[in-house]
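Student: I am attaching a structure below and will ask some questions about it afterwards.
Every read-out reported here was derived from the displayed coordinates using simple, explicitly stated rules and does not represent laboratory data. This structure is a prediction, so every number in the text was calculated from the model and none was measured. Don't worry about glycine lacking a Cβ; one is built from the backbone with ideal geometry, like all the others, and counts go over all protein chains shown.
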Amino acid sequence: MSFDRYFDTSGLFGTVADGTRMLERLIDIGVDEVACLIDFVDDTDAALAGLGHLAELRRTWAAMTAGE
């Protein structure tokens with residue numbers, strides 16, 4: 001249950017569209033900065049590979065909010 005709650009309501013998990021929805025909810029409640037916690041576990045390469053998805057979300061968000 002804890003994982004499901006965290007996954008659904010408290011982190012940037014899933015697709016870029018999922019991430020943008022989370023960022024929109026955060027903006028709605030007054031959040032103006034988001035940080036990233038990376039868990040490198042045993043596979044550093046896999047963790048670093050995931051940063052490409054985060055970069056895609058950052059680019060998408062920047063394009064969506066350009067000019068605001």
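Student: Helix-derived [θ] at 222 nm for the chain: sum -39500 (n - 2.57) over DSSP H runs of at least 4, divide by residue count, nearest 500?
Tutor: -18500 deg cm²/dmol
Student: Place the peptides 17-29, 55-67 in order of packing, highest mean first, counting for every residue the other Cβ atoms within 10 Å and averaging per peptide.
Tutor: With the highest mean Cβ count within 10 Å placed first, the list reads 17-29, 55-67.
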